[in-house]
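Report on the structure given below.
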Amino acid sequence: MSSAKAKETRTPRLNELFDDLSATLKDFIRKHHVTYEEYHRTLAFLTEAGEKGEIPLLLDVFLEVTVDDVDHSGRPGTATTVEGPYYVAGAPELKSPCVLPHRANEPGDVLIFSGTVRGTDGAALGGAVVDFWQADAEGRYSHFNIATAEAPFNLRAKVASDHHGHYEMQTWVPSAYEIPKSGPTGMLIKALGGHPWRPAHLHVRVTHPGFAPLTTQVFLKDDPWIDSDVVGAVKQSLIMGMTRHDSAAELKKRGLSKPFFTLDYDFVLPHDMAKAA
Ligand code: DHB
Ligand code: FE
C-alpha cells in the first residue's frame, strides 16, 4: 500500500478506537495473566468460528445488543433491537396484503401479522417497506438452516404498506430459536453455563424515505424463554400476545382449514435527522 493510500484509510476515528481497543486488551492480558495455552486456545476458537461461518453469530450474540443500546439511545418511536446474523438482502417484493413465500407443507400454525407504519408525528406512512424474516415452526431460518434450493426466501419478504400505512402478511407462527450447539458459539455458551435459546420472534427492518430505518423484533408473550433470551435482546414494548381464531366463519373467510392466529403491531419511525439537516 502506498503511503498516500495508508493516509487515506487511517482516519482519526479508526486511530482512536484501535488505540483504545489495543490498550484495553493488553491491560486485560496483564490483569488476568493470560497464559500461552489460553492464547492458543483463543486463536483455535476464533479460527474454528471463522471456518464454520460463525463470526457474525458470535459477535451478534455477545456484542450487538450493546451497539444497539449505545447507537440508538434516546431514539423516539418503536424500540429497536438487534438485527442478528440471519438477515438476507434481496427478498421478494410483495404488496400488502400478501402470503409469504412458503413450502407446500409449511409446518405449524398460520399467523396473520399486520399493523400500521407511522412517523413519530402520527402520520400514516404508505409505501413503507417492511422487510421481514423469521425462523419457521421448527426454529429454522431459510438460507441458513433450510436448504435454499428447497425453499428460497422461505418466510422472508419485503412487504409494502398500503396508502393507509397498513401492512398485512400471512406467515406461520415461529418457534423459539436454538443457537447451534455443535459449533464454537454454542460450545462457548454451554461452557459458560448458559442455555442456547432465543424466544420466538419476528424480525423486521422497516424503511420509508425521509425516516430513520427501524430494525427490531416482535416477541411472542407466552414463550418459555421470554425472560432469558441468550442474546438479551427482548424489550417489554416488543412483547405481544397472539389471538387465536377458530370459528368456521373466520376460517372460511381466510380460506384456511385449521385454527390460525393474528398479531397486530404498529411500527413508529423517527424522522431522519441526518437527512433533514
Ligand atoms: C441472534 C439473533 C437472532 O435473531 C437469532 O435468531 C439468533 C441469534 C444474535 O443476535 O446472535
Ligand atoms: Fe432471529
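Just a few scattered comments:
- In the set Gly108, Gly127, Gly119, only one residue is away from ligand 1 (no atom under 13 Å from the Cβ), within 13 Å of Ser96 (Cα to Cα) and open to solvent by less than 50 Å² (accessible area, probe 1.4 Å); that residue is Gly127.
- Restricting the range 133-160 to residues that are in contact with an Asp or Glu (Cβ under 9 Å, 6 or more places away or on another chain) and outside any strand (DSSP E or B), the residue that is nearest to Lys258 (Cα to Cα) is Ala137.
- Test: residue in the range 221-232 that is touching a residue at least 60 places away in the same chain (Cβ under 8 Å), away from ligand 1 (no atom under 16 Å from the Cβ) and either open to solvent by 20 Å² or more (accessible area, probe 1.4 Å) or under 23 Å from Ala128 (Cβ atoms) (or both): no
- Being within 16 Å of ligand 2 (Cβ to nearest atom), modelled with pLDDT of 95 or more and either polar (S, T, N, Q) or within 13 Å of Ile179 (Cβ to Cβ) (or both) is a condition met by at least one residue of the range 32-54.
- Failed item in (1) within 29 Å of Ala128 (Cβ to Cβ); (2) touching a residue at least 24 places away in the same chain (Cβ under 8 Å); (3) in a loop (DSSP other than H, G, I, E, B), with His195 passing the rest: (1)
- Test: residue in the range 167-178 that is farther than 21 Å from Asp229 by Cβ, touching a residue at least 60 places away in the same chain (Cβ under 8 Å), aliphatic (A, V, I, L, M) and more than 16 Å from ligand 2 (Cβ to nearest atom): yes
- Residues in the range 198-213 that are under 18 Å from Asp69 (Cβ atoms), of a type in the set (A, V, I, L, M, F, W, C) and within 16 Å of ligand 2 (Cβ to nearest atom): there are none.
- Matching residues in the range 233-277 - criterion: being in a loop (DSSP other than H, G, I, E, B), farther than 24 Å from Thr207 by Cα and in contact (Cβ under 8 Å) with a residue 40 or more places away in the chain: Met242, Leu256, Lys258, Pro259
- Filtered residues of the range 155-185 (kept if buried (at least 20 other Cβ atoms within 10 Å of the Cβ), in contact with a strand residue (DSSP E or B) (Cβ under 9 Å, 6 or more places away or on another chain) and of a type outside the set (S, T, N, Q)): Leu155, Arg156, Ala157, Val159, Gly165, Tyr167, Met169, Trp172, Val173, Pro174, Tyr177, Ile179
- Test: Phe113 is more than 16 Å from ligand 2 (Cβ to nearest atom) and surrounded by 11 or more Cβ atoms within 10 Å (Cβ to Cβ): no
- Test result for Pro259, modelled with pLDDT of 95 or more, surrounded by fewer than 16 Cβ atoms within 10 Å (Cβ to Cβ), touching an Asp or Glu at 6+ places or on another chain (Cβ under 8 Å) and in the same structural domain as Glu178 (by TED's automatic domain parsing): yes
- Remark: Trp172 matches the filter, which requires a residue to be outside the structural domain of Glu54 (by TED's automatic domain parsing) and within 18 Å of Met242 (Cβ to Cβ).
- Boolean, Pro152 is touching a strand residue (DSSP E or B) at 6+ places or on another chain (Cβ under 9 Å), at pLDDT below 95 and either assigned by TED's automatic domain parsing to the domain that holds His271 or of a type outside the set (D, E, K, R) (or both): yes
The values are calculated or read from the model by the stated rules, or taken from the named source; none is laboratory data. Just so it is clear, the structure is predicted and the values come from calculations on it, not from any experiment. When we count neighbours, we look across all protein chains shown, and the Cβ atoms used for this are built from the backbone with ideal geometry, even at glycine. Side chains included, ligands, DNA and RNA excluded: accessible areas come from the protein's heavy atoms. Shrake-Rupley method; radii C 1.70, N 1.55, O 1.52, S 1.80 Å.
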